[in-house]
């Protein structure tokens, strides 16, 4: 996730809705935005984010253990989140990991939506939804190790770095947010 300093103007309220097949062209367009590419890879020659996900297929494969939410502000799509159960999802991206977690990925699509506080609202809504399930003990995320702005963003929300890890060719700094830390922040 690439972040800009938050502007002083308050952001419009964000709502999260399920992603549908109709969102595939928009997501493919967002994947060509330089700031989205930058948050997904350290490859300076990449011209598309996330290795060129085929969004129609990706959205068709959503399930209760791996799904996408579109963030909207004033009815305009401004971002997307992927939420998975890393213990149960079929690709085993997270490898051997304990049960009762949620893993999240977040990105703002249009460049003009950066720095408006939308990311904080998106993560807050998604964390509240995840922790509404009493079995969920923590949320994990995997920003690129090189993305210091994302590290600061997540740490402001209560995530703690737990260590570097390679996910394929991606050198990431895994962070974790426990239920206790989230509830303490929200109290």
Only residues that are assigned to a helix (DSSP H, G or I) and surrounded by fewer than 19 Cβ atoms within 10 Å (Cβ to Cβ): list them for segment 16-34, please.
-> 21, 22, 24, 25, 26, 28, 29, 34
Filter result (at pLDDT 90 or above and touching a helix residue (DSSP H, G or I) at 6+ places or on another chain (Cβ under 6 Å)) within segment 25-69 = 27, 28, 30, 31, 55, 56, 59
Enumeration of residues in segment 158-187 that are in a loop (DSSP other than H, G, I, E, B) and surrounded by fewer than 19 Cβ atoms within 10 Å (Cβ to Cβ) | 168, 169, 187
Need at least 1 residues that are out of contact with any strand residue (DSSP E or B) (no Cβ under 8 Å at 6 or more places or on another chain) and without any contact (Cβ under 8 Å) to a residue 40 or more places away in the chain per element, so show me which strands (runs of 3 or more DSSP E) inside segment 41-157 make the cut, counting only ones lying wholly within it.
-> 76-84
For segment 77-108, name all the residues that are surrounded by 21 or more Cβ atoms within 10 Å (Cβ to Cβ) and over 21 Å from residue 61 (Cα atoms).
-> 78, 108
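The values are calculated or read from the model by the stated rules, or taken from the named source; none is laboratory data. Since this is a predicted model, take the numbers as computed values, not measurements. Every residue, glycine as well, gets a Cβ built from its backbone with ideal geometry; the counts of neighbours run over all protein chains shown.
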